[in-house]
Amino acid sequence: MATKISETLRALSRDLRYEPTTKRIRALLGDQPVLDSRSAVVLWEPRRVVPCYAVPANDVVGVLSPATPVTPGQDSPALLHPGIPFRRHSSEGKPLDVSAGGQSAAGAAFELGDPDLAGYVAFDPGAFSWLEESDPVQSHPRDPFHRVDIRHSARHVLASSGGMVLAESTAPLMVFETGMAERTYLPESDVNWDQLIPTDSMTLCPYKGAASYWRLAGGSGEDVAWSYQEPLAPAAEIARYVCFYDNLVDVKEL
C-alpha cells in the first residue's frame, strides 16, 4: 500500500520527536553564555508545531534550578502553535529556570523525562539568542525536514480590494514551503504603492528572515501584505517582492 509522506509526518506530530544535528549550537542570555553543544537535537514536543533545541545537561554552562510548574488549563489545543508559550509542555519532564551572569529566564528550560532523551534539556527558543556555528538563528531552530522552494513564474496575477488594483504582474515568484499554502510574491515595481501604508508590524521567519507589513490606505489597521526587504541568504530572491493575504484581498490568476 502506498504511503503519502505528509500524512505520515502529520500522524507523528502526536509523538515526542527529535533529530540529532552535527551543528555547534550556542545560546546566550543577554551577553552571557548558557550552553555550547555539538551534541544537540532538534526537538518537537507532542502537538508542537515548531521545534526547539535540546542539549545534554553537561553542555549547559548556565545555572539550572527547579521552576514552578505551569498548571494546565482546561483547554487542550490540537496544535501547540508558536503563540502558545514554551512553558506549556505536552511531554513528561521537569520545568527549570535558567540563570547566567545575574540574569534569569523563568521556566525557559525543560528536563526531558523520556528515556531515549535521558540527560537532555530543552530550551525556549524565544528566551535566548541562538547561534548555529557562527550564524544567528531567528525565531526558532530550522526544521531539517522543511523546504522553501522559490520558483520564477509567468502567471498573470492580480491583487485588488473593492475594485481598486493593488498589484498586477506577469513575473511573480511562487514560494512553496513545507506545510504552508503556496504564496505568490509580486515585484515591487508592479505594486500600486499609493494604496498601501507601512505599519509597525514585524515577524521573524527562520527560513526567510524579518518581514515588514502594509495595510490598505484609508482602510482598517489590519495588515494585508508583507515583504522581506533583506531576507536571509537562502531566500535572497524574494527581496522586496510583496505578498498579499488572499483571505483579506482578492488575489487571482487571470
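Viscosity 1.002 mPa s, temperature 20 °C: give me the Stokes-Einstein translational D for region 8-141 in µm²/s, with Rh taken as the Kirkwood radius over C-alpha pairs.
Details: Rh = 14.9 Å.
D, rounded to a whole number, is 143 µm²/s.
Along the charge dipole of the chain, which of G101, A67, G219 sits closest to the positive end, that is, farthest toward it, with unit charges on the beta carbon of Lys, Arg, Asp and Glu (+1, +1, -1, -1)?
Selected residue: A67.
Take the Cα gyration tensor of region 70-203, multiply each eigenvalue by 5, square-root it, and list the three semi-axes largest first, rounded to whole angstrom. Write down the numbers at each step before the final one.
Numbers: eigenvalues 336, 62, 59 Å².
Sorted largest first and rounded, they come to 41, 18, 17 Å.
Residues with amide H under 5 Å of S201's amide H, sequence separation 5 or more or different chain, H placed in the peptide plane at 1.01 Å from N; which?
Amide H to amide H, under 5 Å and 5 or more residues apart or across chains, S201 pairs with Y213.
Let me know the charge dipole size of region 161-205 about its Cα centre in debye, to the nearest 20, where only the beta-carbon of Lys, Arg (+1) and Asp, Glu (-1) is charged.
On the way: 1 positive and 7 negative charges, 20 e Å.
Magnitude of the dipole: close to 100 debye.
Give me the base-10 log of I(q)/I(0) for region 186-254 at each q in 0.22, 0.26 Å⁻¹, Debye formula, one uniform scatterer per Cα, rounded to two decimals.
-0.99, -1.24
Accessible area per residue of region 125-229 at 1.4 Å probe, in Å²? Write out the running numbers ahead of the final one.
Working: 5280 Å² over 105 residues.
Roughly 50 Å² per residue, with all protein chains present.
Based on the inverse mean of 1/r over its pairs of different Cα atoms, what is the Kirkwood hydrodynamic radius of the chain, in Å?
Details: mean 1/r = 0.0491 Å⁻¹.
After inverting the pairwise mean of 1/r, the radius is 20.4 Å.
Roughly how big is the chain's charge dipole about its Cα centre, with Cβ charges of +1 (Lys, Arg) and -1 (Asp, Glu), in debye to the nearest 20? Could the numbers behind the result be given before it?
Numbers: 22 positive and 33 negative charges, 85 e Å.
Charge dipole of the chain: 400 debye, to the nearest 20.
Tell me which lysines have Cα within less than 30 Å of K94's Cα, excluding those fewer than 8 residues away on the same chain?
K23
Can you compute 3J(HN,Hα) from phi for each residue in region 63-69, using the Karplus curve 6.51 cos²θ - 1.76 cosθ + 1.60 with θ = phi - 60°, rounded to whole Hz and x for Gly and Pro?
3J(HN,Hα) across region 63-69, in whole Hz: 9, 9, 9, x, 10, 6, x.
Rounded to the nearest 20 debye, what is the charge dipole size of region 141-254 about its Cα centre when +1 sits on each Lys and Arg Cβ and -1 on each Asp and Glu Cβ?
On the way: 9 positive and 16 negative charges, 50 e Å.
Here region 141-254 has a charge dipole of around 240 debye.
Rounded to whole Hz and in sequence order, give me ³J(HN,Hα) for region 186-199 from the Karplus expression 6.51 cos²θ - 1.76 cosθ + 1.60, θ = phi - 60°, writing x for Gly and Pro.
Karplus-based 3J(HN,Hα) across region 186-199 equals 10, x, 4, 6, 9, 9, 8, 5, 5, 9, 10, 10, x, 10 Hz.
The values are calculated or read from the model by the stated rules, or taken from the named source; none is laboratory data. Just so it is clear, the structure is predicted and the values come from calculations on it, not from any experiment. A quick note on method: Cβ atoms are made from the backbone with ideal geometry, for glycine too, and the neighbour counts reach across all protein chains shown. For accessibility, only protein heavy atoms count, side chains too; no ligands or nucleic acids. Shrake-Rupley method; radii C 1.70, N 1.55, O 1.52, S 1.80 Å.
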